[in-house]
Amino acid sequence: MENRTQADEIVTRVAGHGDVEAMLACDAYAQTHPERGQAVRAAVGHGRCQVAIRAGQVAGYVLTHGDFFGYGFVSLVVIAPAHQRCGMGRCLLAAAADACQTGKLFTSTNQSNGAAQRLFASAGFVRSGQIDHLDEGDPELVYVKFLP
């Protein structure tokens with residue numbers, strides 16, 4: 001299933017094995033942390049990854065899991081630097097919501113990550129709670145989106 005923006009500028013779809021290298025190339029963290037590549041390959045293998053294509057190139061991706069207390073969970077949103085601040089994150093979160101098989105979709109970010117908090121709010125997520133002691137002094141804020 002493909003999702004498109006109004007002008008067909010951004011296309012989202014389920015990521016395939018052929019997308020993995022391009023996905024990791026747009027992810028600076030993955031360049032120095034091989035475990036990120038392992039997580040991406042596993043998510044793609046389980047059909048739990050959506051990729052965003054812009055101008056014919058992979059521009060970002062979102063990883064999801066279906067085991068957060070019985071609900072869907074967005075564990076990672078990555079946007080290539082050249083494609084940030086153009087609605088890519090909202091498109092990927094919408095694709096994750098469309099693919100979610102439960103009535104709620106959760107995600108989280110550190111309290112210090114204002115950009116992620118603004119993204120989640122703009123995508124229709126609301127604060128749901130907080131987890132302390134994952135990163136000392138920087139609580140993890142949990143968000144939820146209620147799905148139809």
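The values are calculated or read from the model by the stated rules, or taken from the named source; none is laboratory data. Just so it is clear, the structure is predicted and the values come from calculations on it, not from any experiment. Neighbour counts run over all protein chains shown; Cβ positions are idealised from the backbone, glycine included. Protein only, heavy atoms only, side chains kept; ligands, DNA and RNA dropped before computing areas. Shrake-Rupley method; radii C 1.70, N 1.55, O 1.52, S 1.80 Å.
Of the residues making up the range 60-69, those that are at pLDDT 95 or above and either among the basic types (Lys, Arg) or more than 17 Å from GLU140 (Cβ to Cβ) (or both) are GLY60, TYR61, VAL62, THR64.
Of all residues in the range 125-133, none are assigned to a strand (DSSP E or B), open to solvent by less than 50 Å² (accessible area, probe 1.4 Å) and closer than 23 Å to GLU35 by Cβ.
Tell me the residue from ALA99, ALA95, ALA80 that is touching a Ser or Thr at 6+ places or on another chain (Cβ under 8 Å) and open to solvent by less than 40 Å² (accessible area, probe 1.4 Å), please.
ALA95
Would the range 9-23 turn up any residue that is assigned to a strand (DSSP E or B) and more than 13 Å from the chain's Cα centre (by Cα)? Scanning the range 9-23, I find at least one residue that is assigned to a strand (DSSP E or B) and more than 13 Å from the chain's Cα centre (by Cα), so the answer is yes. With respect to the stated conditions, ALA115 fails to be open to solvent by 30 Å² or more (accessible area, probe 1.4 Å) and either among the charged types (D, E, K, R) or in contact (Cβ under 8 Å) with a residue 60 or more places away in the chain (or both). Scanning the range 48-70 for residues that are open to solvent by 20 Å² or more (accessible area, probe 1.4 Å) and either in contact (Cβ under 8 Å) with a residue 60 or more places away in the chain or farther than 22 Å from SER108 by Cβ (or both) returns ILE53, ARG54, ALA55, GLY56, GLN57, VAL58. Of all residues in the range 36-56 being in contact with a strand residue (DSSP E or B) (Cβ under 9 Å, 6 or more places away or on another chain) and among the charged types (D, E, K, R), which is farthest from ALA95 (Cα to Cα)? Here the answer is ARG36. Applying the condition of being open to solvent by less than 80 Å² (accessible area, probe 1.4 Å) and touching a helix residue (DSSP H, G or I) at 6+ places or on another chain (Cβ under 7 Å) to the range 20-40 and asking which residue is nearest to ALA52 (Cα to Cα) yields MET23. Out of GLN38, GLN31, one residue alone is within 26 Å of HIS133 (Cβ to Cβ) and part of a helix (DSSP H, G or I). It is GLN38.
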